[in-house]
Every structure is written in structure tokens, then in C-alpha cells.
Amino acid sequence: MTELRRDDLLADRDLRGAEFCRAYAGRIDDWLVGLFERSGAPAAGTALVAVGGYGRGEMCPHSDVDLLLLHADGVVAGPIAERIWYPVWDAGIKLGHATFTVKQALRLGETELDVATAHLSCRHLAGDPTLSTALLDAARGRWIGDAGRWLPRLRELSATRTIDPGEVAFVLEPDLKLGRGGLRDANVLGWLELLDPELLERDRAVYDAAVRVLLDARVALHRRFTRPSDVLLLQEQDGVAADLGYPDADDLMAAVAGAARAVEWLTDDAFDRLDRGGRRWRRNRTRRLGNGVVLRGGQIQLDEPVAAEDTAAAVQLLDIALAAAHSGLRIGRATLETFAAAGRTFPEPWPSEIKDRFVELLRSGRPMIPVVETLDHWGLMVRIIPEWAPCRSRPQRNAYHRFTVDRHLCEAAANAAGLVARVDRPDLLVAGALLHDIGKGYPPRDHTEVGVEIVEDLAPRLGFDAADTVVLVDMVRHHLLLPDVATRRDLSDRGTIDGVARQVGSVPTLRLLQALTEADSMATGPAAWGEWKAALVRELADKTAHVLAGGSIEDAVSSQFPTVDHRRLMAESRRSVHGEGFTLTVVDHDRPGLFSKVAGVVALNGLDVLAAAAFSDEDGMALCEFRVEPSNPDADAIDWVRVADDVERALDGRLAVRARLAERARTYVRRRPLQARPWAPFDNKVIFDNETSANATVVEVRAHDAIGLLHRITSTMAELDLDIRSAKVQTLGDHVVDAFYVRDQSGGKIDDEEYLAEISRALGAVLRA
């Protein structure tokens with residue numbers, strides 16, 4: 001074969017995953033053998049060897065070809081290598097190559113882990129097989145002999161991948177190759193198996209199934225690109241799902257998450273078993289922890305049969321889980337296998353000895369998470385809570401959430417464990433955190449409605465009495481109440497505080513919801529919680545608590561915006577533009593379009609709006625305050641002098657804000673073509689609320705974020721003669737939720753249906769554009 005042809009392989013969609021990889025590797029083998037034979041290499045003393053992923057036959061469409069040209073001492077290999085390497089480069093294939101004697105190759109493998117592991121999969125292609133065999137045998141012998149030196153480094157690298165590029169099972173856009181639990185960890189398991197051939201004996205079927213899912217996805221992903229990429233981007237997930245025959249992208253990502261979790265667990269288990277096979281635990285004696293639970297060999301184990309009675313068996317399992325969480329040690333494999341095979345179920349309802357232990361496990365915080373992951377891997381979590389099953393590995397495919405549903409619930413419960421000092425009932429806090437989003441496993445219905453129904457039935461089965469069940473149900477029903485109201489409504493409006501107080505009902509429940517909001521938000525992602533949002537939630541909770549405790553609502557809603565300084569500036573009846581830190585404050589004579597012009601200038605200067613507030617008094621002065629941050633995280637400090645100058649020009653009508661924003665949007669697209677906004681299942685909406693406020697209509701706009709969007713929305717409102725009395729602007733990942741308190745020209749609420757329809761039509765056009 002003089003040329004490498006692969007178009008037919010790429011076009012054959014029946015060739016998937018490992019089958020494609022083998023076919024492609026075979027095609028490359030034939031081509032390279034021909035190149036070697038035409039290179040003038042002597043029959044003895046030279047060999048062409050595949051290593052790394054190519055050596056394993058894992059050739060995805062854009063995989064590198066890693067080759068060694070081995071030669072005996074005295075053979076001039078340089079010209080031979082050139083006659084092989086250059087045709088590979090000419091074919092547009094990324095080549096990893098080296099020309100070595102066997103001794104040279106082994107010497108490099110003594111200091112470089114990547115080289116040492118690449119040699120473990122070397123495969124003879126052409127030439128003198130004695131050289132290939134010598135390298136493979138020596139490399140594997142040295143790998144086994146140097147295991148004590150390489151294993152800690154290999155384990156460290158696996159742990160590092162948990163942070164960067166992240167866990168394949170949980171990140172929004174996983175790296176199928178290098179992410180934790182991805183194909184690199186699957187390779188690691190193969191390398192570890194050389195140290196203990198029985199390492200995967202009982203897990204071979206699980207391992208093979210997981211690798212098949214990941215390799216299928218990687219091959220399908222490569223087929224969709226013209227250059228290498230192993231990151232399964234949001235916008236590619238639907239296409240990859242369709243190519244592989246999944247019903248939708250959610251099913252694809254659930255399969256990928258499940259496979260990655262299996263690989264990650266098997267990798268950790270393999271490291272642990274090899275570690276225990278060394279000297280570290282040989283002299284450790286058994287330490288009895290009670291109820292048949294022991295610490296032996298660096299693991300938590302059950303030292304007696306699983307109890308025949310369900311309640312006793314449940315107590316045993318939770319005692320083992322608690323011991324693992326408290327000690328930070330893994331649960332012994334034999335113990336997990338025994339419980340999985342025993343088939344015991346949890347009684348209904350749970351007696352106090354089960355409920356108390358489960359709550360204690362949740363209260364252990366972050367050490368609880370790997371324990372739950374282990375129980376889940378062995379199918380034991382669904383025996384504890386059967387409703388957990390639909391949440392397992394269920395993706396949340398939007399840029400706001402970073403975890404699957406089940407992991408998000410565990411993270412929220414772990415966060416809640418650190419907040420128990422703020423509430424009267426820590427048990428309800430951690431249980432509510434674990435269950436607050438359980439309805440997400442049951443689409444397409446609203447997850448809160450489904451969650452309420454589930455918890456109404458589940459909480460009594462978990463041993464909570466009727467009163468506690470009511471509180472847990474309220475926590476599920478209202479888990480979004482505080483963050484939504486705090487960031488989308490005017491906290492100085494008595495209707496806002498009165499509405500929250502009526503829904504929550506009591507101060508203890510309010511404080512549970514406040515802590516749940518923080519725990520849930522921190523578990524959601526970096527965009528979901530910060531000082532600004534925390535302050536708003538705290539303000540809302542404190543004002544609502546004041547009312548629930550019998551205080552006056554008028555006292556509660558005494559506003560901190562505008563501040564005394566703001567009102568002083570407004571009383572001067574002249575323009576003031578001031579930027580400091582991350583806050584821009586503008587005071588000027590009230591007129592239509594003022595807010596939108598300032599919003600446009602903010603966007604023009606490369607600033608993202610995190611929050612904004614507006615106010616106008618009865619004397620014709622208006623106040624706008626914007627909390628911003630640079631769109632580019634690497635940008636220097638905000639140039640407030642330039643921003644203020646642009647605001648002045650815009651307010652004087654000397655800056656073409658709309659035209660400049662259009663130019664910036666086009667420039668932004670050209671300069672950042674590879675950073676397009678990820679797809680997310682988020683619908684643009686315009687919602688009207690005439691109930692919350694007694695004095696204004698709340699117009700809530702939900703939309704995908706875009707340059708100048710706030711300017712276009714508020715400009716449209718100005719064209720419709722809407723007076724923006726106050727505003728709340730919130731950016732959530734790649735979308736925004738903005739709420740505007742508006743009045744008509746007469747200063748009243750907007751209740752005319754035709755007028756509302758026109759507002760909706762105009763704003764809808766903005767969002768569609």
C-alpha cells in the first residue's frame with residue numbers, strides 16, 4: 001500500500017468504537033509495513049514498533065501515530081527513519097517518533113513515566129522481531145521491578161486529573177481521554193494489571209463495557225471534527241448521540257457518566273489493592289469498631305455474616321458507611337460484594353436506629369461523598385433510597401450546573417453539613433439538601449412538583465414524623481424561592497417580603513431554606529454563588545424573618561437602595577458619573593432611554609453586568625447602579641475614566657451606542673470563533689407579574705446572554721414609554737434573568753392586556769434577534 005486511505009472507514013458508520021479503531025490501526029499497519037519495506041532497512045538489526053495508543057490498537061480518527069524505529073548497534077538508522085517519517089507527515093498525520101537502540105529506549109523509560117508506559121504496549125510491525133520482543137519483555141520486567149517508584153506518581157497523576165480537566169462523570173463538557181474516569185484511566189488499569197494479573201478478573205465485564213461506551217463516544221466525536229479534540233462539547237452532544245443511536249443527548253451523557261464512574265472506581269480500587277499488597281498494611285492488626293465492623297488491612301470490613309433480618313442488615317451497612325466516612329478509608333471489596341449479593345432491603349418505615357445513622361452519614365460532610373459513590377457503584381444506594389435510581393448519572397446539560405443530578409445532591413448535602421450551626425434542625429437540613437432536586441430524575445414534568453410528590457411519600461418511609469415531613473416537603477417546594485426572589489425582585493417592595501413570608505410560614509423553615517440555598521448554590525457551580533447573591537439572600541431572609549417574628553413590614557422594607565449618599569446626589573439635581581471597584585453609579589435627569597444608554601456603554605467597554613438597580617424619584621432625577629466585571633478574566637483593572645467619559649458622551653447624544661455595539665458583536669464573533677456560546681436547554685421568555693408589587697408591574701426576561709442584550713431590552717422598553725422604576729439583573733452562566741419594575745406614562749401598573757401583548761411582542765423580537 002503506497003498511500004493511506006481511510007475515507008471508506010470514516011464513511012462506514014457501522015464501524016464504531018473499538019471496531020473502527022482496530023480497522024484503522026490495521027490499515028495504518030499495512031501502510032507502514034510497506035513504507036518500512038521500501039525504506040532500505042536491513043532484514044536484521046532494525047524493527048518498526050507501534051507504541052502507546054497505536055500499540056494498543058486504539059486508533060480513533062484523529063489519534064497520533066506513535067512509532068519507534070529500533071536498531072542494533074552499528075546500524076545507521078537515520079536515513080531509514082526519514083524514508084518512513086516523511087510520508088507519514090505528508091499524509092497529515094500527527095506522528096510521535098523516535099529512533100533508538102533497545103538500551104537507549106529502556107534508559108529513557110527509566111526516567112520518563114510516559115515513555116515507560118508507552119513501551120508496555122509496544123507491538124511489532126516490521127523488521128527484526130527479536131528487537132521488538134527484547135524491548136517489550138525488558139520494559140514489562142522493569143515496570144514490575146520499579147512499581148514501588150512509579151505507582152505513587154501514577155496515582156498522583158490520576159488524582160490531578162480530578163481537578164484538571166475534571167471528572168468525566170460530572171463535568172458539563174468532559175474530556176473523554178484525559179478526564180478522570182476517562183480512557184487514560186482505563187489505560188492505567190491495564191498497566192496496573194501487569195503488576196497483578198488477577199486485578200480485573202472479577203471486573204472484566206464491567207471494565208470492557210465502560211471502555212466500549214467511552215471509545216464509542218470518542219470515535220464518534222472525532223468523526224465530527226477536522227482536527228483532534230477529545231472534549232465532548234455541549235453543541236456536539238446531540239450529534240454524537242444521534243450517530244451512536246441514543247434516544248437523545250441525555251441518554252448519551254448518562255451512559256458516559258456511568259462508564260466513567262465505573263472506570264474511576266475500578267482505578268481507585270486497583271491502586272488500593274496494590275497498595276495493600278505491599279508492606280504498608282502487613283503488620284496492622286484488626287481493630288474492632290462494633291457491630292461486626294472492623295478496620296483491617298487499611299480497609300473497613302464486615303467481620304461476620306450479613307444479618308438475616310432487614311433492619312439489622314441495614315444497621316450493619318450504615319455502620320460500615322459511617323466508619324468509612326469517619327476514617328477516610330475504603331470499604332473492603334469482599335464486604336461490598338457480600339452486601340450486594342445478600343439482597344437485603346431497608347425496612348419501611350425506618351426505625352430510629354437507621355434514620356439516625358443515615359443522618360449522621362450525611363452530616364459527615366465531604367467524606368460522605370466517596371462513600372455514597374462506592375455504595376452506588378455496588379447498587380446499594382438504590383436499596384437505601386429506591387427513588388435514587390433515575391437520578392444516577394443523570395446529566396444537567398446547561399452551563400450553570402457542573403454535576404450530574406445524583407452528585408449534585410451529594411455535594412449539596414455535604415455543603416449543608418457545614419451549615420448546621422445556623423439552623424434548629426440539622427437533620428432536616430442535610431436530609432432536605434439530599435432530596436431537594438430528586439424530582440430531576442423524573443422528566444419531563446417540573447422537577448419541583450415531582451420532588452414534592454416523592455418526598456411526601458419518601459420522608460415517612462425514612463422515619464420522619466408528619467410534622468417533619470411537612471417541613472421537608474416545604475424545603476423541596478420552596479428550594480428556589482429565596483434565590484429567585486432575592487435576585488429578581490425588589491427587596492424594598494412590601495409585596496415581595498409579604499409574599500415570601502406567606503409561603504415560608506415560620507422562621508425555622510426560613511432559616512432551613514436560607515442554608516439550603518447556600519448549600520445548593522455552592523453545589524451548582526461557580527456562577528451560582530458569590531458575595532453579591534449571598535448578600536441579597538441574607539437581606540431577604542432577614543427582612544422576612546422580621547415579619548414572621550411579628551415585626552412591622554414597613555420596618556422590614558426600609559430600603560438600603562438608594563442609600564443616603566445616593567439621595568444626596570439626586571437632591572443636587574445634576575449629573576454624576578462615578579466608577580469605583582466593580583460598581584458604576586450614574587445620576588442624571590430622568591428621561592426615556594437613560595438606563596439603556598448606560599447599559600450599552602458598559603457592554604462597549606467589555607464589562608459583564610452581574611447586577612444592576614435603577615431608581616427614579618418624584619423630582620425627576622434617576623439613579624442607575626451597575627455591578628460589573630471584565631468579560632476577559634485576564635483583563636487589567638477597569639478604566640473608569642474611559643467608562644465615565646463614554647457615559648457622558650452617550651447621555652449627551654454624542655456616542656452611537658447601538659451602532660458601536662453591533663460592531664463589537666461582529667468583532668467578538670470573528671476574534672473568538674472557537675468560543676461560541678454552548679448550547680443549553682433554556683427557553684427565552686417574557687413573564688409579567690402584577691401580583692408581587694402594589695405599585696409597579698414586574699417584567700421578567702429570561703434569555704441567552706449576548707453582547708448588548710441589556711441595552712436592547714431597556715431601549716425597547718423606552719420606545720414603549722415604560723418607566724423603569726427599579727431593576728434586577730442577574731447573569732447565570734450563559735443566560736440572564738432580568739426583572740424590571742415598570743410603570744406606564746401615568747405612573748400606574750400595566751394591566752391592559754393589549755399593551756402587555758405589545759410589550760411581549762417587542763421584547764420577544766429582541767430575544768429572537
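The values are calculated or read from the model by the stated rules, or taken from the named source; none is laboratory data. Keep in mind that what you see is a predicted model, and the values were worked out from it rather than measured. No Cβ is skipped: glycine too gets one built from the backbone with ideal geometry, and neighbour counts run over all protein chains shown. Surface areas here come from the heavy atoms of the whole protein model, side chains and all, with no ligands, DNA or RNA. Shrake-Rupley method; radii C 1.70, N 1.55, O 1.52, S 1.80 Å.
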Breaking point among (1) in contact with an Asp or Glu (Cβ under 7 Å, 6 or more places away or on another chain); (2) open to solvent by less than 10 Å² (accessible area, probe 1.4 Å); (3) modelled with pLDDT of 95 or more, for Leu189: (1)
Counted residues, segment 291-329 - those being touching a Gly at 6+ places or on another chain (Cβ under 8 Å), within 18 Å of Asp356 (Cβ to Cβ) and open to solvent by 20 Å² or more (accessible area, probe 1.4 Å): 1
Residue, farthest from the chain's Cα centre (by Cα), within segment 199-222, restricted to residues that are among the basic types (Lys, Arg) and surrounded by 15 or more Cβ atoms within 10 Å (Cβ to Cβ): Arg212
Qualifying positions in segment 124-144 - touching a residue at least 60 places away in the same chain (Cβ under 8 Å) and more than 19 Å from Ile80 (Cα to Cα): Leu135
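To keep it simple, each residue is scored yes or no on (1) open to solvent by less than 20 Å² (accessible area, probe 1.4 Å); (2) modelled with pLDDT of 90 or more; (3) of a type in the set (A, V, I, L, M, F, W, C); (4) not in a helix (DSSP H, G or I).
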| site | (1), (2), (3), (4) |
| --- | --- |
| Asn632 | no, no, no, yes |
| Ile638 | no, yes, yes, yes |
| Arg642 | no, yes, no, no |
| Asp645 | no, yes, no, no |
| Glu648 | no, yes, no, no |
| Arg660 | no, yes, no, no |
| Arg664 | no, no, no, no |
| Tyr668 | no, no, no, no |
| Pro673 | no, no, no, yes |
Pair list, Cβ < 7 Å and 6+ apart or interchain, from segment 296-315 residues that are under 19 Å from Met381 (Cβ atoms) to residues that are of a type in the set (Asp, Glu) and modelled with pLDDT of 95 or more: Val315/Glu353
Segment 156-186, residues that are of a type in the set (A, V, I, L, M), modelled with pLDDT under 95, touching a helix residue (DSSP H, G or I) at 6+ places or on another chain (Cβ under 7 Å) and open to solvent by 10 Å² or more (accessible area, probe 1.4 Å): Leu172
Every pair of residues 6+ apart whose Cβ atoms lie under 7 Å, when the first sits in segment 580-604 and is without any contact (Cβ under 8 Å) to a residue 40 or more places away in the chain while the second is part of a helix (DSSP H, G or I) and surrounded by fewer than 19 Cβ atoms within 10 Å (Cβ to Cβ): none
Among the residues listed as Arg140, Arg153, the single one being open to solvent by 10 Å² or more (accessible area, probe 1.4 Å), modelled with pLDDT of 95 or more, not β-branched (Val, Ile, Thr) and not in a strand (DSSP E or B): Arg140
So Val115, is it on the phi < 0 side of the Ramachandran plot, of a type in the set (Val, Ile, Thr) and touching a His at 6+ places or on another chain (Cβ under 9 Å): no
Residue under evaluation Asn695, criteria (1) in contact with a strand residue (DSSP E or B) (Cβ under 9 Å, 6 or more places away or on another chain); (2) open to solvent by less than 70 Å² (accessible area, probe 1.4 Å); (3) at pLDDT below 90, criterion not met: (2)
Those residues of segment 589-616 which are surrounded by fewer than 21 Cβ atoms within 10 Å (Cβ to Cβ) and either part of a loop (DSSP other than H, G, I, E, B) or charged (D, E, K, R) (or both), in sequence order: Asp590, Arg591, Pro592, Gly593, Asn605, Gly606, Asp608
Residue match in segment 555-564 (condition: within 13 Å of Ile497 (Cα to Cα), among the small types (Gly, Ala, Ser) and in a helix (DSSP H, G or I)): yes
Unmet criterion (only one of (1) touching a Leu at 6+ places or on another chain (Cβ under 9 Å); (2) part of a helix (DSSP H, G or I); (3) open to solvent by 10 Å² or more (accessible area, probe 1.4 Å); (4) over 30 Å from Ala209 (Cβ atoms)) for Glu82: (1)
Pair list, Cβ < 7 Å and 6+ apart or interchain, from segment 736-765 residues that are under 23 Å from Leu709 (Cα atoms) to residues that are aromatic (Phe, Trp, Tyr): Leu756/Phe688
Residue within segment 357-379 that is more than 29 Å from Thr311 (Cα to Cα) and among the hydrophobic types (A, V, I, L, M, F, W, C) present: no
Any hit, segment 732-741, residues being open to solvent by 40 Å² or more (accessible area, probe 1.4 Å) and either more than 19 Å from Ala528 (Cα to Cα) or β-branched (Val, Ile, Thr) (or both): no
Cβ pairs under 8 Å, 6+ apart, first in segment 381-399 and open to solvent by 30 Å² or more (accessible area, probe 1.4 Å), second among the basic types (Lys, Arg): Val382/Arg392; Arg383/Arg344; Arg394/Lys440
Candidate set: segment 233-252, residues that are at pLDDT below 95 and among the aliphatic types (A, V, I, L, M); chosen: the one surrounded by the fewest Cβ atoms within 10 Å (Cβ to Cβ): Leu233
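Out of all the residues in segment 330-357, which are aliphatic (A, V, I, L, M) and crowded, with 20+ Cβ neighbours inside 10 Å?
Ile331, Leu336, Ile354
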Subset of segment 66-109 that is under 42 Å from the mean Cα position of the chain (by Cα) and of a type in the set (Lys, Arg) - its residue that is farthest from Leu32 (Cα to Cα): Arg107
Residue match in segment 440-450 (condition: small (Gly, Ala, Ser) and at pLDDT 95 or above): no
Checklist (1) assigned to a helix (DSSP H, G or I); (2) free of Cβ contacts under 8 Å to residues at least 60 places away in the same chain applied to Asp619, failing item: (1)
Count of residues meeting criterion [crowded, with 22+ Cβ neighbours inside 10 Å, in a loop (DSSP other than H, G, I, E, B) and either at positive phi or of a type outside the set (Asp, Glu) (or both)] in segment 40-69: 5
Whichever residue in segment 1-51 is of a type in the set (S, T, N, Q) and in contact with an Asp or Glu (Cβ under 9 Å, 6 or more places away or on another chain) and, among such residues, is nearest to Pro87 (Cα to Cα): Ser39
Helices (runs of 4 or more DSSP H) (entirely within segment 406-485) containing at least 1 residues that are open to solvent by 30 Å² or more (accessible area, probe 1.4 Å) and small (Gly, Ala, Ser): 466-477
Check on Ser726, of a type in the set (Gly, Ala, Ser), at pLDDT below 95, more than 28 Å from the chain's Cα centre (by Cα) and not in a strand (DSSP E or B): no
Pair list, Cβ under 7 Å, 6 or more apart: segment 105-117 residue over 13 Å from Leu70 (Cβ atoms), other residue open to solvent by less than 10 Å² (accessible area, probe 1.4 Å) and polar (S, T, N, Q): none
